Every structure is written in C-alpha cells, then in structure tokens.
Amino acid sequence: MMNFHDLHAQYAALKTEIDAGIASVLESGQFILGKQVAELEEKLAADVGRKHCVCCGNGTDALILALKMWGIKTGDAVFVPDFTYFASAGCADAVGATAIPVDIRLDTFNLCTEALEAMIEKVKAEGKLTPRVIVVVDLFGQPAEHDKVRAIADKYGLKVLEDAAQGYGGSINGRAACSFGDAAITSFFPAKPLGCYGDGGAVFVDTDEDDALLRSLRANGRSPVDKYDNVRCGLNSRLDTLQAAILLPKLKALRDYELDALDKAADHYTRLLSDIVVTPTVLPGYRSSWAQYTVLLKDRAMRDAAQAALKAQGIPTMVYYPKGMHSQTAFAHCHFPDSDYQGSLAACDRVLSLPMHPYLTGDEIETVAAALRSFVESWSC
C-alpha cells in the first residue's frame with residue numbers, strides 16, 4: 001500500500017537525530033518550555049526572517065493568539081478564503097468576531113484579490129461590521145499574492161495575518177513564507193511540510209511588544225513578573241519540549257534537501273499528467289513547499305470516480321476540500337450566496353490531491369500517473 005504522506009520514510013532518514021533529541025528531553029526532565037523550545041523559536045525566526053517566533057499548541061491556537069494580540073472582538077469582520085481548512089475562519093468566531101468568506105483563484109487555489117476588495121466594500125456598505133483583518137492562506141504550500149493583499153490592506157487600514165499552516169518552506173522571489181503580513185502563523189501538524197509527531201504551531205511577529213503579549217497570551221494571560229497574576233485572558237497553549245526536539249532536525253532536513261525533493265516530485269508529476277488533467281500552477285518567482293500536489297478533473301462525478309479507481313489499485317488520494325466556508329453548517333445562518341463563490345465551488349467539485357512527500361520515489365510517481373491516465377482515458381471513451 002502506497003503512503004499519501006510517508007512519515008515512516010522520513011523517520012528512517014532522520015532516526016539518529018530524532019532519537020537523540022527525544023532522549024535529551026527525557027534525560028533533562030524539562031517537558032514544558034525546555035531549552036529546545038527556545039532554540040527552535042530562535043531558528044524558526046531566523047529561517048523566515050522575522051524578529052520573533054512564539055511556539056504554541058497547534059495552528060488553530062496560533063491563529064486565535066494572533067487575533068487576540070490585536071484585540072479582535074465582536075463586531076469585527078475577518079476576511080478569509082472560502083476554500084481552505086476550517087480553522088482559518090473558525091478562529092474569528094473564537095474571539096467573537098465574524099468570518100467573511102472570500103472567493104479564490106481556481107488556478108492557484110489562493111485568495112482572489114479582486115473578490116477580496118469587493119467583499120470589503122460590501123461589508124463597509126452594509127455597515128453592520130467593522131473590517132479589521134485579512135487572513136490570507138498559503139494553500140497547498142504556495143504563498144498567496146501577498147503584495148496585492150498588502151496594497152488592499154493598506155488602502156482600507158486592515159491587519160494582515162498570513163496563515164502559512166500549509167506554507168512553511170514556500171517563498172516569493174526568495175522571501176520566505178511566514179515573513180509576510182503584520183503577523184504570520186504556521187502549523188506543525190504531522191502531515192505539514194514541517195511537521196512534528198503530535199500537534200504544534202507558531203506565531204511570527206516583528207516587535208518586542210507583540211512578542212511579549214503573545215507569550216503572556218499563550219500562558220493564560222500570565223503577568224511577565226508574577227506567574228500567579230493573570231493580567232488578561234489567554235489560552236493554555238504551549239509547544240511541548242519533545243515536539244521541539246523532533247522539529248529541530250526536521251527543519252534542517254527541510255532546508256537541506258526536502259524542498260528540492262518536493263520540487264523534483266512535483267515536476268515529475270506535471271511532466272506525466274499535464275496533458276490529461278489540470279496540474280498545479282506555480283506563479284512566476286514563487287516556490288511552493290508542496291503540502292499537497294492537487295490536480296483538477298472535469299467535475300465532481302469524474303473526480304469521485306477517479307478517487308475510487310485509484311483506491312482500488314492501492315493508491316491513496318484526498319479531497320481538500322469538498323465544501324467551502326460559505327457552505328459549512330456553522331455558517332448557514334449567514335446565508336452567503338453561492339454566486340459570490342464560483343471559484344471555490346468549482347474547486348470543491350474538481351480537486352484531487354495525489355500522494356506527495358519528499359521521499360516519494362520516481363517509480364511511485366509513475367505508478368500514480370499511469371493509473372490516473374488509464375482512468376481519464378477510459379472515462380473519455
């Protein structure tokens with residue numbers, strides 16, 4: 001059985017370093033905020049070019065911490081891509097704000113900036129909410145169009161939160177994901193480009209004041225001078241030391257060779273598949289960290305049949321995502337019209353993600369491609 005993400009192969013390659021890191025934590029007994037957490041935060045900040053990195057319990061908490069840092073609250077509008085993982089929108093509700101889904105570009109699956117500006121204008125005209133934040137997602141590993149998003153944010157006086165949960169390792173003209181926006185977050189969920197062996201996340205900021213506030217917020221709003229005086233309401237959200245020890249060698253591997261391996265795997269897939277399905281678009285000057293290799297088929301019926309056909313041959317695939325934010329039951333009361341989300345609806349009907357990881361072999365890629373080609377050719381007959 002082929003693996004969709006092969007964490008076993010990665011562990012085999014990094015076993016000596018990972019085992020040594022785990023052993024050092026066990027020997028130290030410092031399981032919460034041990035020295036490896038501080039070391040990881042320092043290395044992550046340097047890696048992406050931010051002044052500070054604050055690690056926390058998971059990517060969802062990272063989003064919530066960033067919004068709490070800015071004082072986002074009831075009556076505020078937080079603009080999010082319609083086509084993404086639910087946490088990008090759910091974080092707004094967690095602080096009492098209102099998530100406003102925005103349509104995407106079908107070619108990159110990232111936020112459509114024209115739709116973003118139109119939605120901001122619509123919310124302003126309605127006058128019920130105050131536009132405050134744009135959560136811009138680097139979906140499937142490719143950074144969003146951050147220069148265009150920044151121009152819109154500056155025009156309307158909004159904060160930008162870069163959601164690089166899937167984007168760590170990506171870049172635009174050499175500038176790393178997690179360096180865009182007024183703040184950025186990432187996730188260390190095991191299947192992410194930089195993943196641990198449990199849950200984990202991080203927030204990236206550039207001021208000492210934001211760094212101090214985040215460190216208070218991740219510890220239930222603790223005072224910096226008195227651990228038993230809570231000066232605000234925060235979360236209990238810390239990255240444990242074992243996960244930091246695991247992430248340190250993984251970060252080095254990602255930069256040393258894994259990103260190059262992912263590029264090669266993506267290029268191989270594209271050479272074999274570009275004449276039969278719509279393969280991923282990477283914009284000029286952009287680099288994807290290939291959290292997913294996602295193709296587009298003709299429609300939902302063809303996509304679902306393709307997934308079933310590949311499954312029958314032992315090839316795992318995933319559908320990220322079958323339903324957009326505006327269609328989620330949690331937002332049914334908002335009555336967002338389908339007409340505002342044509343790109344997202346098309347993506348939900350057509351996307352299929354293929355096995356993708358740095359240890360994927362050429363033979364495995366050719367097996368997947370041959371199976372998909374056989375299906376497409378039979379479907380077309």
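The values are calculated or read from the model by the stated rules, or taken from the named source; none is laboratory data. Note that the coordinates shown come from a computational prediction; the quantities given were computed from them, not determined experimentally. Note that we place each Cβ from the backbone using ideal geometry, even for glycine, and neighbour counts take in every protein chain shown.
Right, L14: touching a Cys at 6+ places or on another chain (Cβ under 7 Å) and either touching a residue at least 24 places away in the same chain (Cβ under 8 Å) or polar (S, T, N, Q) (or both) or not? In short, no.
Restricting the first member to the stretch 353-377 and to residues that are in contact (Cβ under 8 Å) with a residue 24 or more places away in the chain, and the second to residues that are polar (S, T, N, Q) and part of a strand (DSSP E or B), the beta-carbon pairs closer than 6 Å and six or more apart or on different chains are S353/T294. Could you run through the stretch 84-101 and say how many residues are under 25 Å from V319 (Cβ atoms) and surrounded by fewer than 20 Cβ atoms within 10 Å (Cβ to Cβ)? Number satisfying all stated conditions: 3.
Do the conditions hold for L262, that is, is it of a type outside the set (G, A, S), buried (at least 24 other Cβ atoms within 10 Å of the Cβ), assigned by TED's automatic domain parsing to the domain that holds S288 and over 22 Å from E39 (Cα atoms)? Here the answer is yes, as L262 does meet what is asked. Of the residues making up the stretch 122-145, those that are surrounded by 22 or more Cβ atoms within 10 Å (Cβ to Cβ) and among the polar types (S, T, N, Q) number 1. The set of residues in the stretch 293-312 that are loosely packed, with under 14 Cβ neighbours inside 10 Å and not hydrophobic (A, V, I, L, M, F, W, C) comprises D299, K311. Pick from the stretch 48-83 the residues that are surrounded by 24 or more Cβ atoms within 10 Å (Cβ to Cβ) and acidic (D, E): which of them is farthest from V37 (Cα to Cα)? Among those residues, the one meeting the criterion is D82.
Out of all the residues in the stretch 226-239, is one or more touching an Asp or Glu at 6+ places or on another chain (Cβ under 7 Å) and at pLDDT 95 or above? Within the stretch 226-239 (the criterion being touching an Asp or Glu at 6+ places or on another chain (Cβ under 7 Å) and at pLDDT 95 or above), the answer is yes, since at least one residue qualifies.
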